[in-house]
Amino acid sequence: MCGIVGYVGPRPAAELLVTGLRRLEYRGYDSAGIATLDGDRVLHRHRTVGEVDNLARKLAAERAPGTTGIAHTRWATHGAPTQRNAHPHFDASGTIAVVHNGIIENYRSIRAFLTEQGIEPASETDTEALAQLIGYLYHDGGNGESGNLLASVRRALHDVRGTFGLVVISRDHPDQLIAARRGSPVLVGVGDGEHVVASDGAAVIEHTRQVVYLDDNELALLTRDGLRASTIDDIPLSKSVSTLEVRLQEIELDGHRHHMSKEIHEQPAALRNTLRGRIDQNEGTVVLGGLADRERELARYQRVILTGCGTAWHAGLIGEYLFEELARVPAEVEYASELRYRNPVIQRNTLGIVLSQSGETADSVAALRELQLKGATTLGIVNVVGSSIARETDSGVYLHVGPEIGVASTKAFTGQVAVLALLAINMGRRRHLSPERTAGLLRQLDEIPAKIERILAMADAIRDLTERYVERENWLYLGRGVNYPVALEGALKLKEISYIHAEGLPAAEMKHGPIALIDRGMPVVVVAPRDHTYDKVVANIEEVKGRAGSIIAIATEGDRHLAELADAIIYVPKTHPLLSPLVTTIPLQLMAYYAALARGHNVDRPRNLAKSVTVE
Ligand code: G6P
């Protein structure tokens, strides 16, 4: 959601900024813009609605000179996706330009104050109010801010409520960028005589691997050679330089047609990375470096709360089954957006687990803080190294599945489930799991990547099967037990990229209403591997057939009975029932992908969606 790139250095800024915006396209956006500064001290601004390509075409025809500049992809929150509302936003005098991620919550009162000063808004956005406020303080401030850009930015940031990652430039300071952060990521790439600032490492990686991450309430003044960091209140800071681990190849398509398909197919390798070094087969134990000295505490927690949003929440639901079954510890799952406002009761000895691919989802960050405030020990299961959640939790386990660029989450989901399995087995071993049972589970977990490879080898057959049903506008997904969340995830994937309406349900719940929807040929995907709920699921299949629905079964290899009952069947290799989501999910990801392709949609840029929802 929203992307920022800024540059100060010797090279022409525009081209570099547009390339940076392309690297951030995956996050989701609906308009784009750029402002560059030339020696003539003019701010050259260009903004377009829609794709970054539109902006690139505009820039090919018009001038955007200069070696300092800022650029932005906007995902509309305040005001429609129009050119007028696209960033960068200027102050009234056209001296200052701002790009901003996040939300300025008190923009209405700022705007009212500015109107009293005779400054009328030129857009409907909250960001413009901030740009105007900085400009007002810079020109008329009177409290020492007047004529002092840095002081004006500090003062304005002091006065705003809400979240921001932002970059400011001014035609009076053509060789400077000012970057600041509160709640929305900003990192500074430190190059040779240049700085590239961005909201995401993907926009920096081709220029430098050396980065400085800003923390909340920090600000950096950047010139070609200088990086001066301080708090927003002007306390000087010395920041350490980190190295970005991401490789360019990992964020490029690398021969694949879409990031989503690349990431689905990467899952065997991604999960091997997730598991690498974490299973000690000889000892029959789990080794999680990120827990360090807290690992022994796993024996004493009396309750586990799992939270996250979207696909991460689905992984959390699977975690609930894993913790209760394997560790016999009460577990519950809650949407982060609900948990943060519910005033939850947190007892002593509660472990709060926050799941998030990006580590930046606003509701998940807030839920984490609520859990900490109430005294829970917190653990992050996060993919993006150095992200907000990764840094704020008491301990954590990284997914190590590599950058996920596809908006529809795939390998992060299976990575999250694999980490939850490791954790639950680890916790279980410290309570009641025997060494033999533990070793058996770990062996089966270790075999999962190879089993996923076998499912991926059937991709063409899954495509053909999907195409038979793709005209249908309503689908149901059913599952029981640990495969009920898989049904939810399958339905979500289909909705996200093919825009087909789909509902996931615990199979038995179908009878309590949704069965009324079933008509002749309605696709009903049933996740039905061989486990203790199998017979019950088969009964549900009969109920669907009784209403002439079409059954697409996800079944364990060798299940002849279901082959007779179902209209279509996809086999997955046998594994431990509690680990089955790691295999049953794969065909559902492929079905969603092929359904979207057959319907002609842009799989990597689904309408209205953002990869990372960094605003409430
Ligand atoms: C957005 C994405 C989903 C993702 C959810 C949580 O809605 O489109 O794919 O599951 O955010 O994101 P997180 O980064 O916290 O896992």
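Odds and ends about this structure:
- Heavy-atom surface analysis with a 1.4 Å probe gives the stretch 130-228 a carbon and sulfur content of 40 percent of its accessible area.
- Relative packing of 417-428, 14-25, which averages over residues the other C-beta atoms within 10 Å, highest first: 417-428, 14-25
- Table column - 3J(HN,Hα) (Hz), the stretch 508-519, Karplus curve with 6.51, -1.76, 1.60, x for Gly and Pro: 5, 5, 3, 5, 8, x, x, 4, 4, 7, 6, 10
- Between 0 and 90°, nearest 10: helix 534-546 axis offset from the chain longest Cα axis: 80 degrees
- Point-charge dipole on Cβ atoms (K/R +1, D/E -1) for the stretch 1-61, about Cα centre, debye to 20: 60 debye
- 1.4 Å probe accessible area per residue over the chain, in Å²: 37 Å²
- 13 Å beta-carbon shell around A595, net charge (K/R +1, D/E -1): +1
- For the chain, the share of DSSP beta bridges that are antiparallel, to the nearest 5, is 60%.
- Within the stretch 454-591: Cβ-based charge dipole about Cα centre, in debye rounded to nearest 20 (Lys, Arg +1; Asp, Glu -1): 160 debye
- The angle between the Cα long axis of helix 149-159 and the longest principal axis of the Cα atoms of the chain comes to about 50 degrees, rounded to the nearest 10.
- Pairs of alpha carbons in the chain whose separation is greater than 33 Å (percent): 48 percent
- Per-q log10 I(q)/I(0), the stretch 1-90, q = 0.12, 0.19, 0.22, 0.23 Å⁻¹ (Debye; single scatterer per alpha-carbon; no solvent): -0.30, -0.75, -1.00, -1.08
- Furthest towards positive pole of dipole, G165, Q117, A202, structure part the chain, Cβ charges: A202
- Taking a sphere under 12 Å around the Cβ of S109 and counting the other residues whose Cβ falls inside, with K and R at +1 and D and E at -1, yields a net charge of -1.
- Every Cα-Cα pair of the stretch 301-379 was included, and the share exceeding 17 Å stands at 37 percent.
- For the chain, a crude dipole built from +1 on the beta carbon of Lys and Arg and -1 on the beta carbon of Asp and Glu, taken about the Cα centre, is about 740 debye to the nearest 20.
- Given K239/K411; K58/K239; K493/K574; K374/K411, the pairs whose alpha carbons are separated by over 29 Å: K239/K411; K58/K239; K374/K411
The values are calculated or read from the model by the stated rules, or taken from the named source; none is laboratory data. As the structure is a prediction and not an experimental result, all values here were calculated from the model. Please note: Cβ atoms are built from the backbone with ideal geometry, for glycine as well, and neighbour counts cover all protein chains shown. Heavy atoms of the whole protein, side chains included, go into the accessibility calculation; ligands, DNA and RNA do not. Shrake-Rupley method; radii C 1.70, N 1.55, O 1.52, S 1.80 Å.
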